[in-house]
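Inspection log for the structure reproduced underneath, given as structure tokens.
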Amino acid sequence: MDPRLSPDPTSLDPTPGHISNTMDTSADNHASMDSDMFTDSQPASAGTPSSLSNVNLTADGGSNAGGGAEGNSKRKRFVKVVEVDAPNNLDLDAYIATYKGHTKVNRLEFIADRCPSLQVDALKLAITELRNTNTLHVSRYINLARKLNEAVKFGAPGSASVSSDLLTVDKAWADSQMLKAKQQTDLLEGELKNYKRNSIKESIRMGNIELGNHYYACGDLTSAHRSYSRTRDYCTTSKHIIELCMNVIKASIELGNFPHVLTYVVKAESTPEVAQDKELTKAKLKAASGLANLDLSKYPAAARDFLSIGEELVGNQYGDVISANDIAVYGGLCALASFNRTELKRLVIDNVGFRQYLELEPHIRDLIQGFYNSNYVLCLDIMDKWKNDYLLDLHLHSHIEALYTNIRKKALVQFTSPFLTVDLTKMAKSFSTTVPALEKELVSLIIGGQIEARIDSQQKILWAKQTNKRSAIFERSTAMGQDYEREAKALVLRMQMTNHGLVVKSPPGERGGPNDSESPFEGPHHPRGGRDGREMFAGTRANVSSFLSSFSRDRHHR
Amino acid sequence: MAPSDPSFDEIISKIQAATDIAAVTKTLAPYLNNLNDHVFAAQPNGQADPLDALDPATHSFAYLYFLVHRCKASHGFDHALLAKVWAFVTTCDGEQVRLTSQKAMSFAEALVKVATETHQPIIAIKPLAIFIQRLQASPGQLTMIHPLLAKTCLLAQSVKEILPILDNDISDVKPQQTHINYKDFLLYHYYGGMIYAFLKNFERAVEFFKLAVSAPAEVASAIQIEAHKKYVLTSLLQYGRVLPLPKYIASAVQRTIKVQCVVYADFATAYEKKSNGAIRTELEKAKPIFVRDKNFGLAKQCMEALHRRNIQELTRTYLTLSIENITSLIGLGSEPDGARRVEGIIVRMIESGAVFATISHEHAGGMVSFLDDPNQHNNTITMDMINAQIQRATAITAKLSAMDQAISSMPAFFNKGSHGPDHSGYPMDESDYSMHMGYDNYVDEGAPLSAIEHKASSSSPKKQRTESDSGKRGRRSG
């Protein structure tokens, strides 16, 4: 039952760039875009736009485990491609039917790369999808066909059922599609130039959007993003701004530029709403920002976003980005990993809108209920069963480990909280683990301050710690008093020293000024006189003032 | 003896004529300063020995002139002279001696020289310790003798005499009284820190090194750099991390430290992460430099302190733990004899009160039970301690406020305030206003403003400020 998780260097994600020598420029574009996605997401996570600082702050405050896991999950995405033997519950056809547009193919390709047993099926579906939608993204079609050929050559499961028309690259069709794309690009660019010459705002905006849509269809996401962004200067109504934001968000999500997504979500949310589709737009924005926060490993924020989507997206209305099932899974797992019991009850279980999504994924509902009712065996069982499926999810895969660890920690904390003593052997049983392993987990939790307890390793018992708050306060106040005294003394001394000119200076020869007069009978208040002396006074006085006020502030706030 | 030189009798009569401090300053000091050195160094030759004729208590000023030269001239152990020295340091008048601190310094140096020659440093240490106390105008005053005494004690490894002096924090520096310069301040705290480190009183050592490092400076002094190196190591020893230096540390010093103490910073970073392996490799890497700086001993002590610190961490997580487990948990598992060493460390820690635990050998290998701190803070000792601390804190706060008032009423400060409102270091902001109200009234940046405005508008330079403030709150005129 256990998944075979092997870091396999040979199965490293083959980017479309591998075959770019046979392909035109758009293949290169795709390749560079993919690498962009990886390089971009790293520094960008540090430099989240300032307008979002609120969101970030709450996220940081809410989860301390999330922050630690971030580095891990990011690295994992570069180094280790987790290969999944077989999904436990995944029905590929049903799963993929909830998506449309680019994400459908992206997800299929992702599954094909990760899961050998589904490789052929996924590729078949992806190629059919591309052919059926008459895609202009020809390089992608050729690339997928090539992959399918390779898979069949190596005899991947299901190879026998592959029909030959899927295997052979339809050269004529591909050429015609490419030509079509090229003509369309030229046409749109020409039109746009024309509009610009006439400087009709609305036409320029429409022209840019059309060009962006076209680039998007061709898979040239960076150009699409650029075109969409250019409409910003021509937006006149709030409807236009919403349109701009949605377009940019769409392109950015696919580019993996999630900090950008957050910026535009905020921009769109702060725009006065237009009447039509108001709720739907809101829900889409929430979903987008949830995805972005998930990608940035800000699980509490992501959970809040997903939970506040409302019931607007139940029918997969946002299928080109996220399905209703995804909302249930992402939201449920993030919530479990970041909320405490009361929050879980208030925000998840009593959440009418979110319940609709949970109906789509009953096991997540069971998981949350089980967690809330402290039925950890059930929870861990469900989590284990579905792990492989989640590893095959385009957005969730790199966060699964971190989320699972967080949930497990939460469960351990929750398990121990009501008891004064806990028998480790019994506890190990309900977490289906061994005593030494459990002990290790508990130690890390105790050191992290999440459990207030101590372990009797001789009798294997966990004892809740009786903290004597009175003693603690006494100790803290004496320590603080000492600090205060010491700092104040040092300050007084320092003021005296500056007042009396006891300042380290370079040897007089180098300075060439006779200002180092240190005659023992000098007047006390004018050690050096002139401007220098005055500045020194000001400096010391500022020191004293800030010291006193900051210390008093500390006293008020502690 | 040259014919122009006065005889001892003349000098003595002159000296005895100057009875009060004013006379000493006005007439005696110039007179004695004009005399040649060899007058004082001359042998009595039948006349009365000035050291016998003069009283060290009433004529301390002049007595010192003779005593210095006697000490300088003396070689080897001279019982009679030492008796004179002793009589002088125990009875001399600090006020008179301070008038000629140069001579006092020479006297101290001469005494140290005698002590080193006879390999009996106590000859110098004890008199100097007493001399310092006579010399100080106030108990916490730094004198020029301080660094010399500290150095002598350190070299002699005899610290009993200086400890009372070291324990009394320096709170008073007056170069015009004691003829000190910044070097004395730095050296005294550097040596003092080393003495405390020698006694393994690392808390005080850290404090002393910190004072040296954070002393006001225009350029960094080599003493400060060395002090910082030791500061890093002692701080790691005492607290397991490098305590942040005060904000007011001179930027020149900070820059130099960054460049000069890279190895120490690396070692500290590794140490703070508490991973045995990383610390050890870092220590190996830094060893040549530590040895060069003569800090390797401290670094080695850091390694031992690491084990203690790790064991202390374990008390937070475990109630009972076998010695075997402790050994592996603190990373000594791979070493032969690790368990025995660990047991030794724990026993010493229990003895010193660092952990509260019992070791039982009922089970194979031994089992350690960690207990809680038995001090419940419900006794009079705690009460007294807190009270004393509150009193000290109030006293120092009052002193600070007084200093603040004094500075703010100085003409120099006042002038600056009136013609430089756009200066970046302009110190009058909200917190200053609240100072005048007593800082306990401090609530929030903006809250007491109206009251403060009212109060502050009585003085003209502030008025200008407050007006602009009430006009547009939040935009700082500075």
If the chain between A:Ser432 and A:Asn213 were fully extended at 0.36 nm per residue, the gain over the current Cα-Cα distance would be 73.7 nm
Here the residues of the range B:290-333 lying in the modelled label zone of B:His363, meaning backbone nitrogen under 12 Å from a point 7 Å along Cα-to-Cβ, are B:319-326
Return the Rg/Rh ratio of the range B:372-417 with Cα-based radii and a Kirkwood Rh. 1.42
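Quick check: convex hull over the Cα atoms of the range B:53-156, volume per residue in Å³, rounded to an integer?
Enclosed volume per residue, from the Cα hull, is 82 Å³.
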Taking the range A:197-325, how much of its Cα-Cα pair set, in percent, is spaced more than 24 angstrom apart? 27 percent
The distance between the Cα centres of the range B:163-189 and the range B:331-379, in whole Å, is 42 Å
Share of alpha-carbon pairs per 10 Å distance bin for the range A:92-240, given as whole %: 11, 33, 27, 18, 9, 2
Per residue and in Å³, how big is the convex hull formed by the alpha-carbon atoms of the range B:8-303? 135 Å³
Ranked by how many other beta carbons lie within 10 Å on average, peptides A:439-451, B:188-200, B:97-109 from highest: B:188-200, B:97-109, A:439-451
Estimated FRET transfer efficiency (B:Glu304, B:Ala17; beta-carbon r; R0 51 Å; 0.05): 0.20
Inter-label distance, nm, simple model (7 Å from Cα along the C-beta direction), A:Arg346/B:Asp266: 5.1 nm
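Can you give the FRET efficiency to the nearest 0.05 for A:Arg131 and A:Arg226, using r as the Cβ-Cβ distance and R₀ = 30 Å? Present the calculation step by step, with values, prior to reporting the outcome.
Working: r = 29 Å, r/R0 = 0.95.
In this case the efficiency is close to 0.55.
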To the nearest 0.05, the calculated FRET efficiency linking A:Glu269 and A:Gln317 through their beta-carbon distance, R0 being 22 Å, is 0.75
Along the range A:233-246, Karplus-curve 3J(HN,Hα) (6.51, -1.76, 1.60; θ = phi - 60°) to the nearest Hz, with x for Gly and Pro, reads 6, 10, 6, 10, 10, 5, 4, 4, 5, 4, 4, 4, 4, 4
What are the ³J(HN,Hα) couplings of the range B:196-209, residue after residue, when phi is run through the Karplus curve with 6.51, -1.76, 1.60 and θ = phi - 60°? Round to Hz, x for glycine and proline. 5, 4, 4, 7, 6, 8, 6, 4, 5, 4, 4, 4, 5, 5
Return the inverse of the average 1/r over all pairs of distinct C-alpha atoms in the range B:318-370, which is the Kirkwood hydrodynamic radius, in Å to one decimal. 11.0 Å
In nanometres, what is the gap between the two model label sites at B:Leu199 and A:Gln183, each 7 Å from Cα along Cα-to-Cβ? 9.6 nm
Kirkwood Rh and Cα Rg combined as Rg/Rh, the range A:419-464: 0.92
What nm value, rounded to one decimal, do you get for the distance between A:Lys196 and A:Ser477 when each label is placed 7 Å out toward the C-beta? 7.2 nm
Label zone at B:Val347, where the point sits 7 Å out along the Cα-to-Cβ direction: the range B:363-403 residues whose backbone N lies under 18 Å: B:363-370
Potential extension, A:Ala94-A:Gln466 segment - 0.36 nm per residue separation minus Cα distance: 128.6 nm
As a test of the definition: which semi-axes, in Å, follow for the range B:292-423 when you take the square root of five times each eigenvalue of its alpha carbon gyration tensor? Largest first, please. 51, 24, 12
Pairs A:Lys440/B:Lys273; A:Lys284/A:Lys385; A:Lys387/A:Lys410; B:Lys113/B:Lys160; A:Lys100/A:Lys124; B:Lys230/B:Lys399: which are spaced more than 26 Å apart, C-alpha to C-alpha? A:Lys284/A:Lys385; B:Lys230/B:Lys399
For the range A:202-217, Karplus couplings with θ = phi - 60° (6.51, -1.76, 1.60), whole Hz, Gly/Pro x: 4, 5, 4, 4, 4, x, 5, 5, 4, 5, x, 4, 5, 4, 4, 5
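Rule-based calculations on the coordinates, nothing more; no lab input. Note that this is a predicted model, so its numbers are computed, not measured. Note that we place each Cβ from the backbone using ideal geometry, even for glycine, and neighbour counts take in every protein chain shown.
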